[in-house]
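**Q** Input: one structure, supplied below.
Coordinate-derived values only; no laboratory data. If you're wondering where the values come from, they're calculated on a predicted model, not measured in any experiment. In this analysis, Cβ positions are derived from the backbone assuming ideal geometry, glycine residues included, and neighbour counts consider all displayed protein chains.
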Amino acid sequence: MLAANLMVGSGDPAGLMDLVTRLRPDVLTLQELTPKAAAALDRAGLRKALPQAVVRALPGVGGSGVYSLYPLTAEPAIQFGAFGQARAVLTAPGGTKIEVVSVHPCAPQYVGPTLCWRQGLVALPRGGGVTRVLAGDFNATLDHVPMRDLLAAGYRDAADVTGQGFSATYWPKNGRAPGVVIDHVLASAGMGVRAFAVERLERTDHRPVFAELTLP
């Protein structure tokens, strides 16, 4: 599982493909995915490596997508404000179903779309005995109440499980603040976490995160 934020769809298609080639993820979630970025990634060979996709590309910062080696069935996106969080059900070898969400609620601010941020996190699926992975830019650390609520609902944070919960994933461009941990891979109860890493990608202020998960 690889999750990457493309920063308004610019990102670095060649660099992302280098990560996909090296890490060989079964699933990739993308945030801030614009139509231009999605087309550039297709040209760079993403659909050859991960041929199944549920793409909700949008101008600006609100687009997202789920790419997979295995079959995907599209589910309705979680939409608040301009931000759409793509959802899909993956069918793994052997028939196991895993719901995957490319997470990206709008960012909290002192003024502005804080309600949209909370709504986007509260709307993330939980319960029902379904195996799920939530991966992407949560715009939240594990100290935020909506994140604690998700963990209490049965999710585990891959970075926290592997002892890397303080590995910063976002570096504000103004350089006046330290990095923070707002990009996560959450796995539902019963899934194992074998590995976690924070990677590098040019032309974005977010660092991709990679997790190796096992099915129940």
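**Q** Taking θ as phi - 60°, what are the ³J(HN,Hα) couplings along segment 200-216 by the Karplus curve (6.51, -1.76, 1.60), each to the nearest whole Hz, with x for Gly and Pro?
**A** 10, 8, 6, 6, 8, 8, 9, 9, x, 10, 10, 9, 9, 10, 10, 6, x
**Q** Hey, got the dipole for segment 2-214? About the Cα centre, +1 on K and R Cβ, -1 on D and E Cβ, debye to the nearest 20?
**A** 220 debye
**Q** Convex hull volume of the Cα atoms in segment 117-160, per residue, in Å³?
**A** 76 Å³
**Q** Which peptide among 189-196, 54-61, 27-34 comes first, and what is the full order, when sorted by highest mean count of other Cβ atoms within 10 Å?
**A** The most tightly packed comes first, giving 27-34, 54-61, 189-196.
**Q** For the chain, what is the calculated [θ] at 222 nm in deg cm²/dmol (nearest 500), taking -39500 (n - 2.57) for each run of four or more DSSP H residues and dividing by its residue count?
**A** So the helix-based figure for the chain works out to -5500 deg cm²/dmol.
**Q** Using Cβ contacts closer than 10 Å as the measure, can you line up His206, His104 from fewest to most?
**A** His206, His104
**Q** Let me ask you something else. Post the alpha-carbon centroid distance, segment 156-216 to segment 26-90, in whole angstrom.
**A** Value for the Cα centre distance between the two parts: 19 Å.
**Q** Fully extended, how many nm does the chain gain between Arg200 and Thr214 (0.36 nm per residue separation, minus their Cα-Cα distance)?
**A** Taking 0.36 nm per residue and subtracting the Cα distance, the gain is 2.6 nm.
**Q** In nm, give the distance between the simple-model label positions of Ala152 and Ala123, each being 7 Å from the Cα along the Cα-to-Cβ direction.
**A** A separation of 2.2 nm, rounded to one decimal place.
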